[in-house]
Amino acid sequence: MGYLRTAILLAGLTALFMGVGYLVGGSGGALVAFLIAAATNFFAYWNADRLVLSMHGAQEADERTAPEFVQIVAELANRAGLPKPRVYLMDNPQPNAFATGRNPDHAAVAATTGLLNMLSREEVAGVISHELAHIKNHDTLLMTVTATIAGAISMLAQFAMFFGGGHRDSNSGMGVIGTLAMIILAPLAAMLVQMAISRTREYAADSMGARISGNPESLASALAKLDVAAHEIENVSAEQSPATAHLFIVNPLSGERMDDLFSTHPSTENRIAALEQVAAQMGGIRSAGGRRGPWV
């Protein structure tokens with residue numbers, strides 16, 4: 001099912017890509033856009049994880065550089081029935097994390113230094129369990145490919161705006177207004193797809209992650225802290241690559257607050273409420289306290 005969702009998503013984003021290409025150069029532009037989209041899709045499937053990690057300056061960690069963090073990832077992956085993913089650290093003061101990779105055998109988990117410095121061990125375990133749930137649910141391919149293609153659509157739309165948008169094919173019927181509308185709507189549509197993916201999958205990953213860690217209250221506590229910090233501490237790499245915002249466990253963009261319609265994530269309050277229901281179902285609440293970072 002995960003691969004079917006990805007195929008449908010790629011088809012839709014490719015159509016958007018071709019639509020903008022048509023506005024730039026007519027039928028020839030649409031053909032060029034299709035070829036570019038095909039190449040981008042192929043690249044995204046095999047290399048999007050490495051691209052995203054590079055965009056955020058992630059460096060691979062091991063037992064020597066981050067022994068306790070690597071250990072907790074390994075323990076939780078074993079509990080989730082997953083191969084141990086590669087572990088990365090991002091030198092970034094904003095506490096946040098994401099998972100990437102085309103399948104569980106080629107997955108990676110990346111966390112910021114801010115996450116390890118701010119949260120307790122139990123809270124970090126909750127965050128990592130959430131990311132492992134994305135891997136187990138095969139969300140990472142869908143989310144990473146979306147970031148790559150949506151970013152490409154936005155770039156092509158900007159190209160259309162600066163280099164003439166609107167070809168001279170009288171049969172198109174688009175005109176200047178139609179061209180401007182497509183230039184605006186194409187990246188907006190891509191963003192709406194990102195939002196739908198992120199909102200739906202975040203709830204599922206919260207629920208599964210709570211069960212992997214066995215401690216939904218620690219994940220809820222972590223989400224509350226991360227949400228506050230994301231609006232107080234700038235994530236420079238995320239601001240430079242906003243198409244990747246939906247990958248993170250909380251929205252990393254710390255600029256102007258977006259309203260609910262344009263948020264790439266469900267509200268933190270709703271996620272915490274859902275986790276409280278999970279805690280009740282699991283029968284009992286564990287303390288979210290514990291030793292705080294730095295503990296790498």
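The values are calculated or read from the model by the stated rules, or taken from the named source; none is laboratory data. Remember, predicted model here, so these are calculated numbers, not experimental data. Glycine gets a Cβ as well: all are built from the backbone with ideal geometry, and neighbour counts include every protein chain shown.
Is it the case that Ala280 is over 20 Å from Leu119 (Cβ atoms), at pLDDT 55 or above and within 13 Å of the chain's Cα centre (by Cα)?
When the stated conditions are applied, Ala280 does not pass them.
Which of the residues spanning the stretch 248-268 are within 23 Å of Asp139 (Cα to Cα) and either at pLDDT 90 or above or of a type in the set (S, T, N, Q) (or both)? Please lay out each step first, then the result.
In the first step, residues of the stretch 248-268 are kept if they are within 23 Å of Asp139 (Cα to Cα); the result is 248-253, 260-268.
Answer for the stretch 248-268, where residues must be within 23 Å of Asp139 (Cα to Cα) and either at pLDDT 90 or above or of a type in the set (S, T, N, Q) (or both): Phe248, Ile249, Val250, Asn251, Pro252, Ser263, Thr264, Ser267, Thr268.
Answer yes if at least one residue in the stretch 99-108 is crowded, with 24+ Cβ neighbours inside 10 Å and out of contact with any Gly (no Cβ under 8 Å at 6 or more places or on another chain), and no otherwise.
Yes, some residue in the stretch 99-108 is crowded, with 24+ Cβ neighbours inside 10 Å and out of contact with any Gly (no Cβ under 8 Å at 6 or more places or on another chain).
When you check Ser207 against the structure, is it buried (at least 19 other Cβ atoms within 10 Å of the Cβ), farther than 24 Å from Gln94 by Cβ and at pLDDT 95 or above, yes or no?
yes
Please state which of the following conditions Glu68 fails to meet, knowing it meets all the rest: (1) within 21 Å of the chain's Cα centre (by Cα); (2) in a helix (DSSP H, G or I).
(1)
Please note which helices (runs of 4 or more DSSP H) are completely contained in the stretch 88-178 and include at least 2 residues that are under 24 Å from Val236 (Cβ atoms) and modelled with pLDDT of 90 or more.
113-118, 121-136
For the stretch 33-65, enumerate the residues that are at pLDDT 80 or above, crowded, with 22+ Cβ neighbours inside 10 Å and over 21 Å from Asp105 (Cβ atoms).
Scanning the stretch 33-65 gives a single hit, His56.
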